[in-house]
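The values are calculated or read from the model by the stated rules, or taken from the named source; none is laboratory data. On a predicted model such as this, the values are computed, not experimentally measured, just so you know. Glycine also receives a Cβ, built like all others from the backbone with ideal geometry; neighbour counts cover every protein chain displayed. Accessible surface areas use protein heavy atoms only, side chains included; no ligands, DNA or RNA. Shrake-Rupley method; radii C 1.70, N 1.55, O 1.52, S 1.80 Å.
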Amino acid sequence: MSDVVPIKLVCLDLAGTTVGDIAMVERAFAEAIATQGIVPGTGAYARAMVHVHRSRGCPKIDVFRGIFPGNEAQAQAANLTFERSYEGAIERAGLVPMPGVLEVLDKLRGTGIKLALITGFSRTTLSRVLSVLGWHDKIDLAISPEDAGGRGRPWPDMVLHAVLRLGVDDVRQVAVVGDSESDMLCGKRAGASIVAGVMTGVHSRERLLKGGATHILDSIADFPGLILLGETQAPSSAG
C-alpha cells in the first residue's frame, strides 16, 4: 500500500461497477417515461434516453427532473414508476455481481479497508438491492442521496458522508470506483486520492477521464492490485 496515502476507505458504485444490472436500469427508465407519454419511436423518447445515458450515476429523481423540467409532479410520478419497475425486475430475476467482485470485497475487507456502496438509487430501492444481493456482511455502509442530505453525484456529499460515518481521518485516504462521469466528478470533488473508472459500464474512457479519473481499469477485479500496490500517480489502464 502507498506510503504516502494509504487507502482506508473505498467507495464503490453499484450498477455497472459491482453489479451487472445496466439493462434492468435502462428498461425501468424506459417504462417510467412511457407512463408519462414519451414512447419508443419518437424524437422525445430518443432525447430522453440520451439524457438518461449522460446522467448515469446521478440520483434518479434528478434524471427525471431533467427530462420533465419545471414539472415536479411528472418527475415524481416517473420516478415512482421507475422504482416499482426496477424493484420488480430484481425481485423476479435477481442481481448478478460483476465477475470477481465478491473476491474484491473480501480481499479489501481482509486488509482492514472500510467499504461503502454509493448509489443514485433512493433509500427504498437501495434497501431492496441489498436484500437481493445479501451483502450486508461484506460492506460497512450503503449510502443513497437521502442519507447525505439529498445531494447525490456528481456532488461529493455521499463520499464525504462515508468519511464522517466511518471515521476516516483524511479524504486523501479515500478511493472512489465507478463507471460513469458523475462517479469520477464525485470522487474528484471529495478529494479522493484515487478515482478509478471501470470499463464495464456506460461511459467511455474519454468520459471517465473528463470527469477526473486518475486510473482506468478494465473491471473491478483489477482494483485491489491498484491500491495494494499504491499506484497513485497518473491515469493508467489496467490489463
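For segment 21-93, the Cα gyration tensor yields ellipsoid semi-axes of 18, 13, 12 Å (square root of five times each eigenvalue, largest first, whole Å). Using helices alone, what [θ] at 222 nm do you get for the chain, with -39,500 (n - 2.57) per DSSP H run of 4 or more residues, divided over all residues and rounded to the nearest 500? -14000 deg cm²/dmol, from helical runs alone.
Projecting the Cα positions of GLY187, ALA48, ALA175 onto the charge dipole of the chain (unit charges on Cβ atoms of Lys, Arg, Asp and Glu, taken about the Cα centre) puts ALA48 furthest along the positive direction. Heavy-atom accessible area with a 1.4 Å probe sorts SER131, SER122, largest first, into SER131, SER122.
At a temperature of 4 °C and a viscosity of 1.567 mPa s, determine how fast segment 1-129 diffuses translationally according to Stokes-Einstein, using the Kirkwood radius over alpha-carbon pairs as Rh; express D in µm²/s, rounded to the nearest whole number. Estimated via Stokes-Einstein, D reaches 80 µm²/s.
The distance separating the Cα centre of segment 110-147 from that of segment 18-54 comes to 24 Å. For the chain, the Cβ-based charge dipole about the Cα centre amounts to some 420 debye (Lys, Arg positive; Asp, Glu negative; other atoms uncharged). Using all pairs of distinct alpha-carbon atoms, the Kirkwood hydrodynamic radius of the chain works out to 17.8 angstrom. Nearest 10 degrees is fine. How inclined is helix 72-93 to the longest principal axis of the chain, computing both from alpha carbons? With rounding to tens, the tilt is 70 degrees. Placing VAL202, VAL50 in order of accessible area, with the largest value first and a 1.4 Å probe, yields VAL50, VAL202.
Helix 101-110 and the longest principal axis of the C-alpha atoms of the chain enclose an angle of approximately 40°.
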